[in-house]
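First up is the structure itself, then whatever we jot down about it.
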Amino acid sequence: MNKGWLTGVTLMAALLGPVSLMAATLPTLHLTDQGGQDVGDAVVELKGAAAVAVPPLPDEAIVDQVDIAFVPEIAVIRAGTKVRFPNSDETRHHVYSFSEAKTFELQLYKGNDAPPVEFDQAGLVALGCNIHDSMRGYIYVVEGSLYGQTDASGAVTLPAFNAEQSPYLVIWHPDMEVPFQLAITDLADADADRLEIQLPFELSVDDPAQSPSNLYDRLQRYQSDGN
Amino acid sequence: MAISFRTRLLLIFLSLLGLTLAATLWAVLRATDDNARAGANRELAVAERVFDTLLVDNSRQLTDRTTLLAEDFGFKQAIATNEEGTILSVLANHGDRIGADMIVLMDPAGEVLISTHNIDAELAELRESIGRRQQAFSVLTLADGAPYQLVMVPVQAPQLIAWVGMGFIMDEALLERFRGITGTNITLLFRGGEASVQAFTTLDADLPLDSLSGDFSDVLGQATDRFSESGWLSRQGVLKDRDGQQLGMLLSVSLQEALAAYDSLRNQILAIAAIALLLAALATALIAGGISRPINALVVAARRIARGNYTQPVALQGNNEFAVLGDTLDNMQTAIQERERHILYQAQHDLLTGLPNRDELGRVLSERLSDQPEAPFGVILLQLSNFDDLSDVYGLSVMDAVLPQVASRLADRNGELDRVGRISTDEFLLLIDGLTETGATAEAERYLALFDDAFRHDSLEIKVEARLGMVFCPQQASDYEDLMRRTHLAISEARHLGHSFATYQDGQDERHLRRITVTNRLQHAIAEGGFQLMFQPQYSLEHQRMRSVEVLIRWNDPVLGRMFPDEFIPLAEQSGDITLITDWVFDESIRQMRRWQADGYPDLGISVNLSAKDILKDSFVDSLLGRIEQHGLKGEELILEVTESAMMADTERALKNLKRLYDAGVELAMDDFGTGFSSLAQLKSMPVHELKIDKAFILNLADDEDDQCIVRSTIEMAQQLKLTVLAEGVENPASIALLEQMGCHCIQGYCLAKALPYDELMDWLATFNEQRETFLRA
């Protein structure tokens, strides 16, 4: 934890006056891991604050399956949102989750056969496919509307908020064991364009062995040769 | 001794021990090798069972896994969709899930729906099993050049909808895992169809797969041999051989490793062997030393004794056999020493008198002559001159008692015991330092004086007489042989002269030696006929004719040269050979006379010299008379010339024998008349016809009036005694004239002729008869 940032946040709070009454925005946050790499696709949620303007819930969110993978891999939705799991692959998928926030199963289906699933409880929902063990997907369900997801360069901008009591950030990424929490007051220099946050983990390196299996290739080849 | 006893013992012991140890080591190494092999084989047998079990276990595990997978609802569901994409996905996904390397999906009839590998070769077997029962099973198969364990499981939903097969490669990773369990190296050899042999192995050993060919069990055998060359002991087994798919395994253990367990045993045995050898060498060296040291000492002692050195004791310590042997050797050498001393004493001494004997004294004298060649000394040979007579009278035992007394007196006189020796029965030899000719007489008399007193034995008084011969060294003799001969010559001289002592005169010995040589050669001449006869004319003045020739002997010896009768006749007389010579002369001269009588000189007789020895020998006279009769000799045909010396030796016998000849009618002439010691009285009684006046009176007759006087009176005396006279040595006509005038009957001499051989005599006679006056008249 960088002591400098904390000093900056405190200073900013003093300039803004009583935080409980005033709407505020945070500068763009830039997340890096221990190695200084940009952390993309990370979920950043602001808690202990109320949104200045709460947008309406969308009808449904989409988690597609393309080339035996969930797209997007990490989807952030507000509690109560319905998610549709279309299948864009030739093969059927058997999507399931055993997560506490939402347990469900969509047995072998193809195309748009599967009905949408409503996620009414906040929390992290891990997705899998029963016949494609390599498929991993996440749906991050948030209570409010104060959240964001980092882009490929690890940057994210949160919506404006009204601080209630001691607002704090919860940051999550699949490579992290537990979500990272950070009090707003600990943030320095809220005026700056960007706030750098270094997360206490390292991004995993893509394992080539995890790539589509040899067996699959061979079977495909047999299929194309044979038929 | 090429190799010492010690070394030999060492070699024998060490080689025996070495052999034993080597044999033991060999046996142990062989046993351990056998053991190691047997152990390795046991290990391999166990490993094979373990391997088999492992394969079964593995297939069971794989079957379980595959079965579990096939029973997965999602899997069944996916297969049941019958959609290629989904089936492909689920197969790959589930295959990956259980780590399969090969996937086969077959319809219930056994048609391949999809497969990662070409398993056409395996189909027959698979269908066979599928047809039999709807139950999971596993096979070993080769696909795309690698061996797999293929597990086939039925997919039931709930009826059989397919057979899913999961194959697991049997690669080196698996073999490594198995190796960890079996503890042996594993090689999988496989051959599919016409392809060449391939292998997976946990071994580093080089296996040239291309060279392996033939029947598959042969291939395994060849591989086993290959490994064995690299020190691997292998056990082979065929895992599969069907439909052109061949799979076999070799389990291998390292022989070195198996043997390595025995390395410490072998090293221990080697160490023990080395220590044993070392100890044995030390012990043997000690024992050998214990034996060879005293033996060496004994050998040294024995050699010393053999060289004649008896003074040093052998002195071996201890109380073992060697010490006893050493003592025995000591005793022996003492005994030998004693005996040798005794023998030496006996060898060097005369036992009767205790004086040094001839040999010892000879040694002393020789030593003295060579050690001090300049220092003068005298040697006296003392002979007991009446020893034989005394022996005859008293007997030898008495003389044996007397001799020691003689020795004692001599030794006392000399004062030095080793300078007096008894060299024969009656001879003593004395060495007297510093004695020269000057003191010789006094010294001789001192020794002779020792015999003045009689010797006593019991009641007898024995008067011993001695005679001495002396030689002075070094001038008279420089070696022992000369010395002895010359002392004997001296004593002979003394005896000859009737003296009690004589000193050696220089030259005696040489004459003596000459006489010995001449005597010796003379015998050769007699045996081989080395003599010739010469004839010197004897002319009768009385009858004016050639009366006879004196026969003279000539001897031309190949060694000595021309010898004259004056020298050799006395020697022949001494040796007794004269009679043989005379016999020969008689026979030969009679033969010659007969020859010239036949050649025209019938009246020419021979005058032959007779030695005094001949005259004194009755047998000779007998044979002579016999010969005269045999040849019918008569008158002046044979004249015998005799000398006075015969009379002097034995007058009676000489006269008797002369009388016999005289009576037999033989003309006798007295030779060399006037030079002897004959008395006129003897002349009176001597039976001779003629006197031969010695040439000493005749040679200068013409000039010497004394000679004329003697010759004249001799002739006159002869005429009175009715004897004829022959003058010898007539050299000139003047003498002839004188002799003729004096009435001499016969002449002989150079004036007429010297002695001539037969042929010259014949010539001379012819000349003389023709020119007689030139010889007789001036």
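Only the coordinates and a few stated rules stand behind these numbers; no lab work does. Fair warning: this is a prediction, and the values are worked out from it, not measured in the lab. Cβ placement follows ideal geometry from the backbone for every residue including glycine, while neighbour counts extend to all protein chains displayed.
Things worth noting here:
- For a modelled paramagnetic label at residue A:217, 7 Å from Cα along Cα-to-Cβ, no residue of segment B:150-175 is in reach, as no backbone nitrogen comes under 15 Å.
- Point-to-point label distance, residue B:60-residue A:100, nm (Cα→Cβ direction, 7 Å offset): 4.3 nm
- Estimated FRET transfer efficiency (residue A:53, residue B:156; beta-carbon r; R0 51 Å; 0.05): 0.30
- Stretching the chain fully between residue B:516 and residue B:123 yields a gain of 127.2 nm (0.36 nm per residue, less the alpha carbon separation).
- Beta bridge orientation in segment A:60-142: antiparallel %, DSSP, nearest 5: 70 percent
- This model, with +1 at the C-beta of Lys and Arg and -1 at the C-beta of Asp and Glu, gives segment B:534-776 a dipole about its Cα centre of some 620 debye.
- In this structure, the amide hydrogen of residue A:77, modeled 1.01 Å from its nitrogen in the peptide plane, lies closer than 5 angstrom to those of A:140, A:141, A:142, counting only residues at least 5 positions away or on a different chain.
- Segment B:629-661-segment B:528-601 distance, computed between alpha-carbon centres (Å): 17 Å
- Karplus (6.51, -1.76, 1.60) ³J(HN,Hα), θ = phi - 60°, over segment B:246-253, in Hz, Gly and Pro reported as x: 10, 9, x, 10, 10, 9, 10, 10
- Antiparallel %, DSSP beta bridges [both residues in the protein assembly as shown], to 5: 75 percent
- Averaged over B:114-124, number of beta-carbon atoms from partner chains that fall within 10 Å: 2
- Under the convention that each Lys and Arg Cβ holds +1 and each Asp and Glu Cβ holds -1, the size of the dipole of segment B:441-509 around its Cα centre is about 120 debye.
- Efficiency of FRET from Cβ geometry, residue B:328 and residue B:650, R₀ 56 Å, rounded to 0.05: 0.20
- Estimated vicinal HN-Hα couplings, Hz - segment B:630-639 in sequence order (Karplus 6.51, -1.76, 1.60; Gly, Pro = x): 4, 8, x, 6, 8, x, 7, 4, 10, 10
- The equivalent ellipsoid that matches the C-alpha gyration tensor of the protein assembly as shown spans semi-axes of 175, 41, 29 angstrom, in descending order.
- Peptide packing for A:44-51, A:25-32 was compared via the average number of neighbouring C-beta atoms within 10 Å per residue; ordered from the highest value, the list is A:44-51, A:25-32.
- This model, with +1 at the C-beta of Lys and Arg and -1 at the C-beta of Asp and Glu, gives segment B:52-161 a dipole about its Cα centre of some 320 debye.
- Partner chain coverage, peptide B:101-107 - average Cβ within 10 angstrom: 2
- Each peptide in B:308-317, B:586-595, B:543-552 gets a packing score, the mean of other Cβ atoms within 10 Å over its residues, and the list from highest to lowest is B:543-552, B:586-595, B:308-317.
- Near the amide H of residue A:70, within less than 5 Å, lie the amide hydrogens of A:136, all on another chain or at least 5 residues away, with H placed in the peptide plane.
- Signed unit charges on C-beta, dipole axis of the protein assembly as shown, positive-most listed residue B:632, B:564, B:93: B:632
- Counting Cβ atoms of other protein chains within 10 Å of each residue's Cβ and taking the mean over peptide A:87-94 gives 5.
- Prolate/oblate/rounded call for segment B:534-776, Cα gyration tensor, a/c under 1.5 rounded: rounded
- Straight-line cross-link reach from residue A:47 at under 16 Å between alpha-carbon atoms covers these aspartates and glutamates, not counting any fewer than eight positions away in the same chain: A:143, A:164, A:186.
- Cα centroid of segment B:194-229 to Cα centroid of segment B:101-133, whole Å: 30 Å
- For the listed peptides B:420-426, A:163-169, B:12-18, a ranking on the average number of other beta carbons within 10 Å per residue, highest first, reads B:420-426, A:163-169, B:12-18.
- For the cross-link pairs B:613/B:684; B:463/B:617; B:617/B:684; B:656/B:692; B:463/B:656; B:463/B:613, the ones whose C-alpha atoms lie over 28 Å apart are B:463/B:617; B:463/B:656; B:463/B:613.
- Under 15 Å from a label point set 7 Å out along the Cα-to-Cβ vector of residue B:588, the amide N atoms of segment B:503-529 belong to B:522-529.
- In Hz, Karplus ³J(HN,Hα) per residue of segment B:196-204 (6.51, -1.76, 1.60; θ = phi - 60°; x = Gly, Pro): 7, 5, 10, 8, 10, 8, 9, 8, 7
- The H on the amide N of residue B:640, modeled in the peptide plane, is under 5 Å from the matching H of B:608, B:667, B:668, B:669, each at least 5 residues off or on a different chain.
- R0 of 45 Å, Cβ-Cβ distance residue B:523-residue B:336: FRET efficiency to nearest 0.05: 0.40
- Pairwise centroid distance, computed over Cα atoms, of segment A:38-66 with segment A:71-137, Å: 17 Å
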